[in-house]
Structure formats: C-alpha cells, structure tokens
Amino acid sequence: MVEVTVRDNENLERALRRFKKKWERAGVLREVKRKSFFIKPSDEKRAARKKTIRRMARFARH
C-alpha cells in the first residue's frame, strides 16, 4: 500500500503530489488494469513473444 505522511508546514497539494508520484512508481494502476480481466496463459505467452520480437527488431535498427 502506498502511504504518505504530511510533514509539518507542508501544504496538502504538495503531499498529494508526492502521493501521486509514489503511486505511479508502485504501478498500482497498471496492476489493477492487468488484473481487471482474465487472460489465458497461452495469450500472455504470445503477447510476451510478440513484445520481445518488437524489442529485438528495434535494437537491431540502432
């Protein structure tokens, strides 16, 4: 769980900004989206292979 304590003499907007940054780095939204529906293991493997091929092609161009 992401948690931020408001420091002395810190306004709420700044604390909220720190919370949003921690939340993004923790990947909370990404995880929720990933778990929102079921993906068959074979489809996950196929997508991972496709992603790897794309990445390798991009590295080969440079």
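Key figures for this structure:
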quantity: Test set (1) of a type outside the set (Ser, Thr, Tyr); (2) in contact (Cβ under 8 Å) with a residue 12 or more places away in the chain; (3) loosely packed, with under 11 Cβ neighbours inside 10 Å - residue 43 fails condition number; calculated: (2)
quantity: Unique residue being in a loop (DSSP other than H, G, I, E, B), modelled with pLDDT under 95, surrounded by 10 or more Cβ atoms within 10 Å (Cβ to Cβ) and acidic (Asp, Glu) when the list is 10, 31; calculated: 10
quantity: Boolean, residue 19 is more than 21 Å from the chain's Cα centre (by Cα) and at pLDDT 90 or above; calculated: no
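The values are calculated or read from the model by the stated rules, or taken from the named source; none is laboratory data. Bear in mind that the values here come from a model prediction, so they are computed numbers and not experimental data. Don't worry about glycine lacking a Cβ; one is built from the backbone with ideal geometry, like all the others, and counts go over all protein chains shown.
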